[in-house]
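A short write-up of the structure that comes next.
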Amino acid sequence: MSNATLYYTTTSCGASNFIAAHRAGILGSKLDAQQADIRAHKILTGPKAGSDFYAVNPKGNVPTIVLADGTVLNENAATLQWIADNAVTPVGAKSGTSERYLLQSKLSWISSELHGTVGGLFNPTISAEVREYITAKSYDKLKFLNDVELADGRKFFVGSGFTVADSYLYIVLSWSPYIKLDLSKYPKVEAYFKNIAELPFVKEAHAAMAKASPPA
């Protein structure tokens, strides 16, 4: 049976899936990983390199996981849980448990509340007034993350160890310098981000993505 295939970019939320899959120990065994250019809508690596990414995913977004039976998953709440369910090294609670439903809740919060808000700041065409509004809303989300979700100074977002929620939250927070959000305003968020960034397997995943990238 053939492997599933992940399509990702190295800095988008798709990278969170690569990091999670690397930690899960399934890259190359259960999941192949290929890079895509979502602006040019081209697949960059692997056997389909140069072909139209829209032919794989009509939405043109990453992450995209194409399962062995042809099913296409292309939202983080689904792709990351698929990775968790197929992990060799656990990256999430078992399906059907209260802990798993909590994980799903946190993934949904990252997607709809944090990612859904800060993502608007990548749009270069918005007015200064709209940018100011989105920035303020983004800081509201970071304040909630700092004062509520991470109030106890926890190192991991859900439970006592690294999960797919950490890979997703970490990547979204990594966008802060590019969209001019100052994490130092929120010390618990900043400490959390630095802790995840320093995990050896996170560094390994970044190095693997860089190595897999085609020449510029």
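The values are calculated or read from the model by the stated rules, or taken from the named source; none is laboratory data. Please read these numbers as outputs of a predicted model, since none were measured by experiment. With ideal geometry, Cβ positions are generated from the backbone for all residues, glycine too; neighbour counts draw on all protein chains shown. Surface accessibility is based on the protein's heavy atoms, side chains included, excluding ligands, DNA and RNA. Shrake-Rupley method; radii C 1.70, N 1.55, O 1.52, S 1.80 Å.
Couple of notes before you dig in:
- For the stretch 179-216, trypsin sites (Lys or Arg not before Pro) meeting the loop criterion (DSSP other than H, G, I, E, B) and having at most 14 other Cβ atoms within 10 Å: K180.
- Helix content alone sets the calculated 222 nm mean residue ellipticity of the chain: runs of n ≥ 4 DSSP H residues at -39500 (n - 2.57) each, divided across all residues, give -12500 deg cm²/dmol.
- Across the accessible surface of the chain, with the other protein chains kept in place and a 1.4 Å probe, carbon and sulfur atoms take up 55 percent.
- Amide H contacts under 5 Å for D32, placed H, 5+ residues apart: A4, T5, L6
- Amide H contacts under 5 Å for L44, placed H, 5+ residues apart: Q35, A36, D37, G50
- Accessible area per residue in Å² at 1.4 Å probe, computed on the stretch 131-216: 52 Å²
- Cα-Cα separations in the stretch 117-201 greater than 14 Å, expressed as whole percent: 64 percent
- Cα gyration tensor category, rounded, prolate or oblate, for the stretch 1-117 with a/c compared to 1.5: oblate
- Set of aspartates and glutamates near K188 by C-alpha distance (under 19 Å), chain-local residues within fewer than 8 positions excluded: E113, D140, D147, E149, D152, D166, E198
- Restricting the calculation to Cα atoms, the chain yields a radius of gyration followed by a Dmax of 17.0, 53 Å.
- The phi torsions of the stretch 134-150, fed into the Karplus equation with coefficients 6.51, -1.76 and 1.60 and a -60° offset, translate into couplings of 5, 4, 4, 5, 5, 5, 4, 5, 5, 5, 5, 4, 5, 8, 10, 5, 10 Hz, rounded to whole numbers, with Gly and Pro shown as x.
- Principal axis dimensions, the stretch 106-148 - Cα atoms, whole angstrom, descending: 31, 18, 9
- Each eigenvalue of the Cα gyration tensor of the stretch 172-216, multiplied by 5 and square-rooted, gives one semi-axis; in descending order these are 24, 15, 5 Å.
- Label point distance in nm, A212-D147, each placed 7 Å from Cα along Cα→Cβ: 4.0 nm
- Rg over Rh [alpha-carbon atoms, Kirkwood Rh] for the stretch 1-50: 0.98
- Here is the list for the stretch 124-216: chymotrypsin sites (Phe, Trp or Tyr not before Pro) lying in DSSP coil, each with at most 13 other C-beta atoms within 10 angstrom of its C-beta, are Y178.
- Whole-Å distance, taken between Cα centres, linking the stretch 16-37 and the stretch 158-216: 16 Å
- 3J(HN,Hα) along the stretch 125-130, derived from phi through the Karplus expression 6.51 cos²θ - 1.76 cosθ + 1.60 where θ = phi - 60°, amounts to 9, 6, 6, 4, 5, 5 Hz, with x in place of Gly and Pro.
- Rounded if a/c under 1.5, otherwise prolate or oblate - the stretch 65-168, Cα gyration tensor axes: oblate
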